[in-house]
Amino acid sequence: MFTYITRRVTGTIPVIILISLLVFMLVQSAPGDPADLLLSDEATEQDVAEARARWGLDQPVWVQYWKFFTAAIQGDLGTSFRYADPVLSMILDRLPATIELSAFSILIAVVFGVPLGVWAGARPNSWADNFGSLFGFFGISMPNFWFGIMLILLLSGVLNLLPSSGRDTYGIASDPITGFYLLDSILHRNWKALWDGLAHIIMPAIALGTNMMGILMRVTRSSVLEVMHEDYITTARAKGVNERNVLWRHAVRNAMIPIITVVGLELGTLLSGSIIVETVFSWPGSGQLLISAITARDYPLITGTVLTYTMIFVVINLVIDVLYAVIDPRIRFDK
Amino acid sequence: MRQESIDLMGVLLSVRDLQTSFFTSDGEIRAVDGVTFDIDEGATVGLVGESGCGKSVTALSIMRLLSRGTGRVVGGEILYRGENLAEYSEAGMRRIRGNEISMIFQEPMTSLNPVFTIGEQIGEAVRLHQGVSAREARNRAVEMLRLVKIAEPEKRIKDYPHQLSGGMRQRVMIAIALSCNPRLLMADEPTTALDVTIQAQILDLIGELQERLGMAVLLITHDLGVVAQQADDVAVMYAGRIVERAKPEIIFSRPMHPYTVGLMNSVPGATGKRRRLEAIPGIVPSPLDWPSGCRFRTRCTRADDACAHSPPELVEVEPGHWVSCLKVSAADAPVLAVEA
């Protein structure tokens, strides 16, 4: 198990280096000069040239990359052009909000998608299956930004039930411990703040998680349906195992393998979706930071944020690989 | 009448005129259509026939494990120790499965759950039926593995199915099936998927354990050689019906139904002489559309118009030898018997 993880971790290093190079080059080749965009209209040509020199934009790209790379491996992702703050600390400030939102969305997707899929897969063509499939298609076909706007319109605009934007009501949040508001409120036993946090997160999380929920439901359904026809299911029944245990113990654990693959693949979609959803809901996460960095051509901030997303993605894939091994003994023991 | 009740005393399982159908979009598939046989306590009955003749469906009907929604017992009854299994509740039936009646299957490679250790899989049945602790179940699993002659059982119970060979897995399946001391073991083609050298080992193991544990065995196979060795009684099935039934020594020395005769001639060495193997002409008819009358008539060299009219009854042509064919009568038997 340990060698398995070590091998996977080592494998990710070249991936990260390659991505950093790619992102750096892509950002540089995007049209628009940050010096032009960020300096005021009254700036002289000399001001612009000075700014370019200060940010190192007058040097060849590969020199810039080398500087960036050597600093990055020491944990310095550079300084934002626009805010003049260190990129790393800016991202770290915003990251908990994004992770909290994504985790909550996944939670919603798994808690509703998987049982619904198992339910439908165990009784193909029943009304439960038809309802589940309809629900699944709804989730898959709904663009998250549109769904988000519709939720705001209905729940905030018309019904006035939930706050339409932000992460908390000003002044209500507890002192940060972890940076995750929901977790912090629980740690502080501040139930009012917890309730407030839930009210804020529920809409963006539904908007972000519905797509994944639909896909999970469909995949779980087909996976369970397939597994229920396996010989070992007949063996379990022939042993006298009741139908509930046949399904939840013998079938679901085997059906989990494709489900986990899909969760892993969909996390990428979810992560990129969070960038849009954060913007729709003014969620103060790193996605919103990325959008504003792109608008301003804030090169170090763009590179830093995208790299952070890459790292998250790599870590998630690692976790998924380990989860495979936990669930499927055949992977665990194969050298 | 008195004779009948005495006969029933030793009978463990009695299948009476069993009819099982599958209902598909193409229509009703009458997979088993009027099958009758008894299994005595501790006896071995061989159910022989080609794939698709209904022998596995017969076993699944007894276990009430037909695929829900499509397969259903539509007629006849199955008496287990004199009680009709159809009248059992689902929970009552679960107490029978794996406890009183166990089953092993053709494919040891896919019949074990890949995500549980074999110890867990053997222990599960024990815990379920005997309500013992996890520790006792573990000990029982070790004991069962030793019984089916797997070396180092204490280590092996921690193995997963993919770490074992096909023969080993079938031993594990047997261990699971026998873990609660069932009165009846139904073995559905237990050796078909195994190497020839392993086949004999598994059959010997089943035979040996049967003697030790005193259980009855329903041996389902297409392999005449297997039943010749093991069975006390042989029933030959064709197209959902039993066409001939007798003790193996009778059936092998003087098969009477044209299908049984064809089956014997298609197996090398069954008659002891080197000769050209004969195939039965034609193919098994579609179960959606069985021929009228005798179902074998479309492939039978002796068939005539009379065979198409009504299905032949299973008739006792000599003591203990039942044949279902219009062309075979009791008059044939003594002649053949003298010849043999």
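The values are calculated or read from the model by the stated rules, or taken from the named source; none is laboratory data. Since the model is a prediction, treat every value here as computed from it, not as a measurement. Because the Cβ atoms are built from the backbone with ideal geometry, glycine has one as well, and the counts that use them run over all protein chains shown.
Below, the figures for the structure above:
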| item | result |
| --- | --- |
| Tabulated pairs, segment A:183-203, first touching a residue at least 24 places away in the same chain (Cβ under 8 Å), second surrounded by fewer than 17 Cβ atoms within 10 Å (Cβ to Cβ) and assigned to a helix (DSSP H, G or I), C-beta under 9 angstrom, 6+ apart or interchain | A:Met203/A:Ser156 |
| Hits in segment A:209-244 - residues which are assigned to a helix (DSSP H, G or I), farther than 14 Å from A:Ile140 by Cβ and under 33 Å from the mean Cα position of the chain (by Cα) | A:Ser223, A:Val224, A:Leu225, A:Glu226, A:Val227 |
| Matching residues, segment A:35-46, being at pLDDT below 75 and outside any loop (DSSP other than H, G, I, E, B) | A:Ala35, A:Asp36, A:Leu37, A:Leu38 |
| Output for segment B:186-205, where each listed residue is within 13 Å of B:Gly46 (Cα to Cα), of a type in the set (A, V, I, L, M, F, W, C) and either in contact with a strand residue (DSSP E or B) (Cβ under 8 Å, 6 or more places away or on another chain) or surrounded by fewer than 19 Cβ atoms within 10 Å (Cβ to Cβ) (or both) | B:Met186, B:Ala187 |
| B:Asn99 part of a loop (DSSP other than H, G, I, E, B), within 24 Å of A:Pro329 (Cα to Cα) and at the interface with another protein chain (Cβ under 8 Å from one of its Cβ atoms) | no |
| Selected residue (criterion: nearest to the other protein chains (Cβ to nearest Cβ)) from residues of segment B:54-87 that are under 16 Å from the mean Cα position of the chain (by Cα) and in a loop (DSSP other than H, G, I, E, B) | B:Leu65 |
| Test: residue in segment B:228-242 that is under 30 Å from B:Pro268 (Cα atoms), crowded, with 20+ Cβ neighbours inside 10 Å, acidic (Asp, Glu) and in contact with a Lys or Arg (Cβ under 9 Å, 6 or more places away or on another chain) | yes |
| The listed residue being in a helix (DSSP H, G or I), under 20 Å from A:Ala193 (Cα atoms) and not hydrophobic (A, V, I, L, M, F, W, C), out of A:Ser164, A:Ser102 | A:Ser102 |
| Sole exception among (1) of a type in the set (Val, Ile, Thr); (2) without any contact (Cβ under 8 Å) to a residue 12 or more places away in the chain; (3) away from chain A (no Cβ under 13 Å) for B:Ile150, by number | (2) |
| From the options A:Ser165, A:Ser223, A:Ser185, residue that is closer than 30 Å to B:Ile176 by Cβ and away from chain B (no Cβ under 13 Å) | A:Ser223 |
| Extreme residue, surrounded by the most Cβ atoms within 10 Å (Cβ to Cβ), among residues of segment B:117-128 that are within 11 Å of B:Val172 (Cβ to Cβ) and at the interface with chain A (Cβ under 10 Å from one of its Cβ atoms) | B:Ile122 |
| Candidate set: segment B:262-309, residues that are in a loop (DSSP other than H, G, I, E, B) and among the basic types (Lys, Arg); chosen: the one modelled with the highest pLDDT | B:Arg295 |
| Output for segment A:287-302, where each listed residue is closer than 25 Å to A:Phe145 by Cβ, touching a Ser or Thr at 6+ places or on another chain (Cβ under 8 Å) and in contact (Cβ under 8 Å) with a residue 60 or more places away in the chain | A:Gly287, A:Gln288, A:Leu289, A:Ala293, A:Asp298, A:Leu301 |
| Test for A:Arg189: is it assigned to a loop (DSSP other than H, G, I, E, B), farther than 30 Å from A:Val118 by Cα and touching a Gly at 6+ places or on another chain (Cβ under 9 Å) | no |
| Scan of segment B:215-251 for residues that are part of a helix (DSSP H, G or I) and of a type outside the set (D, E, K, R), ordered by number | B:Leu224, B:Gly225, B:Val226, B:Val227, B:Ala228, B:Gln229, B:Gln230, B:Pro248, B:Ile250, B:Ile251 |
| Meets criteria (surrounded by fewer than 19 Cβ atoms within 10 Å (Cβ to Cβ), touching a Pro at 6+ places or on another chain (Cβ under 8 Å) and among the hydroxyl-bearing types (Ser, Thr, Tyr)) for A:Ser156 | yes |
| Tally of residues being over 15 Å from B:Gly123 (Cβ atoms) and in contact (Cβ under 8 Å) with a residue 40 or more places away in the chain across segment B:153-167 | 4 |
| Residue match in segment A:105-128 (condition: assigned to a loop (DSSP other than H, G, I, E, B), on the phi > 0 side of the Ramachandran plot, without any contact (Cβ under 8 Å) to a residue 12 or more places away in the chain and among the polar types (S, T, N, Q)) | yes |
| Total residues in segment B:156-209, condition among the acidic types (Asp, Glu), assigned to a loop (DSSP other than H, G, I, E, B) and away from chain A (no Cβ under 14 Å) | 1 |
| Failed criterion for B:Asp38 (all others in (1) at pLDDT below 90; (2) away from every other protein chain (no Cβ under 14 Å) hold) | (1) |
| Qualifying residue in segment B:149-167 (condition: aromatic (Phe, Trp, Tyr) and out of contact with any Cys (no Cβ under 6 Å at 6 or more places or on another chain)) | yes |
| Selected residue [at pLDDT 90 or above, β-branched (Val, Ile, Thr) and under 30 Å from B:Ala151 (Cβ atoms)] from B:Ile104, B:Ile96 | B:Ile104 |
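Matching residues to (1) of a type outside the set (A, V, I, L, M, F, W, C); (2) under 30 Å from A:Gly157 (Cα atoms):
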| position | (1), (2) |
| --- | --- |
| A:Val241 | no, no |
| A:Asn254 | yes, no |
| A:Thr261 | yes, no |
| A:Ser282 | yes, yes |
| A:Ile291 | no, yes |
| A:Thr295 | yes, yes |
| A:Val319 | no, no |
| A:Tyr324 | yes, no |
| A:Arg330 | yes, no |
